[in-house]
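What follows draws every value from the coordinates through simple rules; no lab data is involved. Since the structure is predicted, the reported quantities are computational estimates derived from the model, not experimental observations. Positions of Cβ are generated from backbone atoms using ideal geometry, with glycine treated the same way; all protein chains shown enter the neighbour counts.
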Amino acid sequence: MTGGATGGIRFDQVSVAYGGNTVLDRLDLTVEPGEVMALLGPSGSGKTTALRAVAGFVQPASGRVYLGDRDVTGLPPHKRGIGMVVQQYALFPHMRVHDNVAFGLKARKAAKAEIPERVAEALELVGMAAYAERYPRELSGGQQQRVAIARALAIRPGVLLLDEPLSALDARLRSGMLAELARLHRELPDVSILYVTHDQVEALTLADRIAVMDKARLQDCGTPQELYRRPRTEFTASFVGNANLLPVTVADGADTVDFAGRALDVPTGEAAGGATATLCVRPHLVGLGDGPNALSGTIAEVQWRGSTHRLYVDVDGHRVKADLRELRETPALGDTVTLHFAAEDAVLLPAGTAPGTGGGAHA
Amino acid sequence: MLVHSRTGKWAAWAVFFVLFVPLFAVPLLVILAASFTTNWSGAFPSGPTTEHYAAATGGDSLQALTTSLITAVSASLLALTVGSWAALAATSLRRRGRRFLDALFMLPVAVPSVVVGLAVLVAFSKPPMLLNGTRWIVILAHTILVTAFAYSSVSAAIVRLDPMYEQAAASLGARPSYVLWRIKLPLLLPALTAAAGLCFALSMGELSATMMLYPPDWTPLPVQIFAATDRGSLFTGAAVAVVLMGTTLLVLLGVARIRTRASYR
């Protein structure tokens, strides 16, 4: 017995409200069969609510949720055939590891003879076969998470929901598990994965596509490369990769914008002359010293991060971040420096509601 | 410990013993001493004997012990079933409904047990609900009195139970009934056994409502003790009391063992 054999998830105008407070606003999103879709956003952005709507733990106020071509909106969770892994693992503390993994199979009345084999297979997949006789409390956090994944996969779901699965692990374990999840996905190419996270590194590493959420709405959706290199909104640019966002005015001439009285050469595309826009430049693409698109200002803050120096430079009241390869001499606060960036590394965004000054979140 | 200095600790222990020993330990020790005595006219008992125990563990008293045990076990199992059921059902109610249910189940505790006894007597003395004169009226009254404790301790445990277990089980395809039997009840087992122990102990010691209801062929131990002391056989009463105390403690100890095993899994 397989879960939802036809993979894929489709949100059709899904809204969720708690007591008049809209926590998910008309979400339209399709996760293709076999695709890893990351739902990326800060807390309170609605990403977990979207996942819980797929699992059946929240009921949409309007809109439909489809698994494959099956409308599951009104279906209780136990009839949906999904696998789910949550941040706190939620292993059943009174059952040994193999009973935890067998739980879904027994609940779905799988053939008795088949269960031990399927349990062994699932535990093998996550490298936990040696721990089958242990109780959850006898395992470390990372091991518990593996068992939780095995338990979700044992029912062979068409869709796997991962809700911040790595957040409770420490940094070292997290990067190991990230590689593990990528391997799992290669071994199970038909499973659609919806991966909720607030960590852009996890999303960029693992996802085929990323859906960026903020304030209960889908802000942007695309492949990691698209979102990182060609963000379409200010929110995406700052949340994914923490970009510099500079308020500019598009000049009448070709491919020139005006930033605080300076003319910068950047591709303006179809932006009309005179329009206000936001210029997005990644901190690691900003160089120190004179060059094209030079910006001089005073150093407001210096952070040494081992392999890089992060400079915060005040350019006419706008704070510009630059990630530079470790400098031999650390610049002093108040020094005047010149930064530059190449025209092709800049992206012009339509001006948003809150033009970023580049100060943003210190990441 | 909140007290850090050495003298402070000693002082704390001293205060504890001064308060604890006379209030809790001495009365129980006196009962124990009295149960082995034929005569207690001076400061200390005299004439050691085990005769009272012969009386306390045979004949009417043995009958009363069995009666008490059957009553307590039936009442606590019934109370546990009804109380847990209500507590589990209350989770799906809205706040107002839950408050109402809480109040309803607390009523028998708030009302003096004599009143509960009288109420049961009046309510079940006429057909079609004629229970008066049978053992069932005693068991019923005990159930009513102890269900409140089962309900409140189980519902407190349900509140502490993390809903993520239930949701994980549901996402794995478990029907609500399967989740109840395989996840919720096993996780609530420590609370259930604690509630069972509490109900059992309360029922074993219940006197005031029982006095109003018991039929001649269903005399629980507390009634027996009361009757013995009432007719002046203080030392026999003491021996029966020790038997009651011992039996109750023994059962509670057994329940506690189940509980530790359940909570360590």
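Looking at this structure, is A:TYR195 within 30 Å of A:VAL159 (Cα to Cα) and surrounded by fewer than 22 Cβ atoms within 10 Å (Cβ to Cβ)? Before you say what the answer is, go through the steps one by one.
Numbers: within 30 Å of A:VAL159 (Cα to Cα): yes; surrounded by fewer than 22 Cβ atoms within 10 Å (Cβ to Cβ): no.
So A:TYR195 fails the test.
When the residues of the stretch B:176-191 are narrowed to those that are within 8 Å of chain A (Cβ to nearest Cβ), of a type outside the set (A, V, I, L, M, F, W, C) and under 17 Å from A:ASP99 (Cα atoms), which ends up farthest from the chain's Cα centre (by Cα)?
This residue is B:TYR178.
List pairs: first in the stretch A:286-298 and under 8 Å from A:VAL337 (Cβ atoms), second assigned to a loop (DSSP other than H, G, I, E, B) and of a type in the set (Gly, Ala, Ser), Cβ under 9 Å, 6+ apart or cross-chain?
A:THR298/A:GLY334
Counting only residues that are surrounded by 19 or more Cβ atoms within 10 Å (Cβ to Cβ) and of a type in the set (Val, Ile, Thr), which one in the stretch A:62-75 is farthest from the chain's Cα centre (by Cα)?
Kept after step one, since they are surrounded by 19 or more Cβ atoms within 10 Å (Cβ to Cβ), are these residues of the stretch A:62-75: A:65, A:67, A:72.
Then drop every residue that is not of a type in the set (Val, Ile, Thr), which leaves A:65, A:72.
Values: A:VAL65: 21, A:VAL72: 25 Å.
Top of the filtered list is A:VAL72.
If we keep just the residues of the stretch A:23-61 that are within 15 Å of the chain's Cα centre (by Cα) and part of a loop (DSSP other than H, G, I, E, B), which is surrounded by the fewest Cβ atoms within 10 Å (Cβ to Cβ)?
A:SER43
Would it be correct to say that B:GLU166 is among the acidic types (Asp, Glu) and more than 14 Å from every other protein chain (Cβ to nearest Cβ)? Steps first, answer last, please.
On the way: among the acidic types (Asp, Glu): yes; more than 14 Å from every other protein chain (Cβ to nearest Cβ): no.
Criteria not met by B:GLU166.
Please determine whether any residue of the stretch B:18-25 is closer than 14 Å to B:GLY237 by Cβ and in a helix (DSSP H, G or I).
No.
Among the residues of the stretch B:187-202, write down those that are within 19 Å of B:HIS142 (Cβ to Cβ) and either outside any helix (DSSP H, G or I) or of a type in the set (Gly, Ala, Ser) (or both).
Answer for the stretch B:187-202, where residues must be within 19 Å of B:HIS142 (Cβ to Cβ) and either outside any helix (DSSP H, G or I) or of a type in the set (Gly, Ala, Ser) (or both): B:ALA194, B:ALA195, B:ALA196, B:GLY197, B:ALA201.
Within the stretch A:257-280, which residues are hydrophobic (A, V, I, L, M, F, W, C), part of a loop (DSSP other than H, G, I, E, B) and touching a helix residue (DSSP H, G or I) at 6+ places or on another chain (Cβ under 8 Å)?
The first filter runs over the stretch A:257-280 and keeps only residues hydrophobic (A, V, I, L, M, F, W, C), leaving A:257, A:259-260, A:263-264, A:266, A:271-272, A:275, A:277, A:279-280.
Keeping just the survivors that are part of a loop (DSSP other than H, G, I, E, B) gives A:260, A:266, A:271-272, A:275.
Selection gives A:VAL266 alone.
Give me the residue from the stretch A:281-320 that is surrounded by 16 or more Cβ atoms within 10 Å (Cβ to Cβ) and in a loop (DSSP other than H, G, I, E, B) and, out of that set, farthest from the chain's Cα centre (by Cα).
A:ASN293
Being over 19 Å from A:ASP345 (Cα atoms) and of a type in the set (Lys, Arg) is the filter here, so list the residues in the stretch A:266-320 that pass it.
Listed by number, the list holds a single entry, A:ARG305.
Cβ-Cβ distance below 7 Å, separation of 6 or more or different chains: which pairs start in the stretch A:69-86 with a residue that is within 12 Å of chain B (Cβ to nearest Cβ) and end on one that is hydroxyl-bearing (Ser, Thr, Tyr)?
The qualifying pairs are A:PRO77/B:SER171; A:ILE82/B:SER171; A:MET84/B:SER171.
If you check A:ALA179, A:ALA152, which single one turns out to be within 14 Å of chain B (Cβ to nearest Cβ) and in a helix (DSSP H, G or I)?
On inspection, the qualifying residue turns out to be A:ALA152.
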